Amino acid sequence: MKPPPFQYHDPKTLAEAVGLLGTLDNAKLLAGGQSLMPMLNMRFVLPDHVVDLNRVAGLSYIKETAGELEIGAMTRQRDIEFSDLVKARCPLMHQAIMHIGHRQTRNRGTIGGSLCHLDPAAELVSVAAAHDATVMVAGPSGQREIAFKDFPAGYLTPAIELNEIVTAIRVPFWPAGHKAAFIEFSRRHGDFAIVSAAALLMIDGGKISRASVTVGGVAVAPLRATEVEQAITGQEPSSELFRKACEWCRGIEAMADIHASADYRQHLAAVLSRRALEKAAGLADNAPWNRKH
Ligand SMILES: Cc1cc2nc3c(=O)[nH]c(=O)nc-3n(C[C@H](O)[C@H](O)[C@H](O)COP(=O)(O)OP(=O)(O)OC[C@H]3O[C@@H](n4cnc5c(N)ncnc54)[C@H](O)[C@@H]3O)c2cc1C
């Protein structure tokens, strides 16, 4: 299938790109094109103008600032996959990115595109929620920051204006020695997850001192299981503790679609969040679902 007709724009600077969005009617930004191109070809979106971010300078980088990783919006998923800095500082992102599509899609797909497409099961969206990330946005009145919990405005809809561009994401990293696990259930390797779970744990003196649990693909955006986090904090990690706490996920108001019913998503959320916690805590090394074949 071919995309509908549109006018193509090729800005070289962020100011030029923001300026174009301010003057053009019905414009769409193009990043890696891994979601936008299929949506154009299937006529889910019909823009009159496409503004290509690929030649805009300064949007692709990974750097460490005070206690945070800052990743430019146009950084390719494949560059994140091979970044030693990401692997060391944000092992959850490293694990999660290995589940995104295929190397061909990761070669083109960007972190900014993934966040803005905001698929409920997108791995990088879950990681942003798990780490309480901050999204940096540029618009006609300058730069602003959005706490990730306020970034999803609805299904596939980020809380940015039509004339704004996401420029970077800042991910506060957890102290060295923290434990991270990302797991998901999908029908085939490379497919979007039906449900995913991300767990971050700090364990001090045999007890959990800090926890972050995120389930993706269940609601319209990845959801922090704050009740689970509270129930396990201060406790000794055990499979029984995690099993009981994660039962809370069966009460999430879940989506239903052609791939899975709401009941099944709730079930997967309870099982996968428990497994992610067990894996992070080192309790799952011999679990059948965690064995390498
Ligand atoms: C076969 C296949 C399998 C895939 N599997 C997965 C998967 O398992 N998990 C997963 O998460 N994704 C998956 N994807 C999608 C892929 O990760 C995309 O890279 C991602 O969803 C969008 O990133 P992109 O850079 O390609 O953005 P694009 O497709 O170019 O853009 C996506 C949307 O974001 C907007 N946008 C892009 N950049 C910005 C910006 N800086 N500021 C504001 N708006 C912006 C665009 O206008 C568009 O609406 C898959 C894709 C394919 C083709």
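For every residue, the table says whether it meets (1) surrounded by 18 or more Cβ atoms within 10 Å (Cβ to Cβ); (2) more than 22 Å from the chain's Cα centre (by Cα); (3) modelled with pLDDT of 95 or more; (4) not charged (D, E, K, R).
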residue	(1), (2), (3), (4)
230	no, yes, yes, yes
233	no, yes, yes, yes
244	no, yes, yes, no
256	no, no, yes, yes
262	no, no, yes, yes
269	yes, no, yes, yes
279	yes, no, yes, no
291	no, yes, no, no
> Looking only at the stretch 154-167, which residues are more than 9 Å from the ligand (Cβ to nearest atom) and farther than 10 Å from residue 139 by Cα?
Replying inline: 154, 155, 157, 159
> From the set of residues in the stretch 136-153 that are under 17 Å from residue 223 (Cα atoms) and either outside any strand (DSSP E or B) or in contact with a Pro (Cβ under 8 Å, 6 or more places away or on another chain) (or both), which is farthest from the ligand (Cβ to nearest atom)?
Replying inline: 149
> Of all residues in the stretch 55-112, which are at pLDDT below 95 and basic (Lys, Arg)?
Replying inline: 103
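If I filter the stretch 169-179 down to residues being part of a strand (DSSP E or B) and out of contact with any Cys (no Cβ under 8 Å at 6 or more places or on another chain), which single residue comes out as surrounded by the fewest Cβ atoms within 10 Å (Cβ to Cβ)?
Filtering the stretch 169-179 down to residues part of a strand (DSSP E or B) leaves 169-172, 179.
In the following step, the residues that additionally are out of contact with any Cys (no Cβ under 8 Å at 6 or more places or on another chain) were identified as 169-170, 172, 179.
Details: 169: 26, 170: 18, 172: 15, 179: 20.
Applying the filter and picking the extreme gives 172.
Is it the case that the stretch 199-212 has a residue that's within 28 Å of residue 261 (Cβ to Cβ), of a type outside the set (A, V, I, L, M, F, W, C), buried (at least 17 other Cβ atoms within 10 Å of the Cβ) and away from the ligand (no atom under 14 Å from the Cβ)?
Looking through the stretch 199-212, at least one residue is within 28 Å of residue 261 (Cβ to Cβ), of a type outside the set (A, V, I, L, M, F, W, C), buried (at least 17 other Cβ atoms within 10 Å of the Cβ) and away from the ligand (no atom under 14 Å from the Cβ).
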>> Given the criterion of a type outside the set (D, E, K, R) and in contact with a Lys or Arg (Cβ under 7 Å, 6 or more places away or on another chain), identify the matching residue among 147, 181.
In response: 181
>> Looking only at the stretch 95-134, filter to residues that are among the charged types (D, E, K, R) and either near the ligand (Cβ under 9 Å from one of its atoms) or assigned to a loop (DSSP other than H, G, I, E, B) (or both); which one of those is nearest to residue 210 (Cα to Cα)?
In response: 132
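The values are calculated or read from the model by the stated rules, or taken from the named source; none is laboratory data. No experiment lies behind these values; they were computed from the predicted model shown. Reconstructed Cβ throughout: ideal geometry from the backbone, glycine too, with neighbour counts over all protein chains shown.
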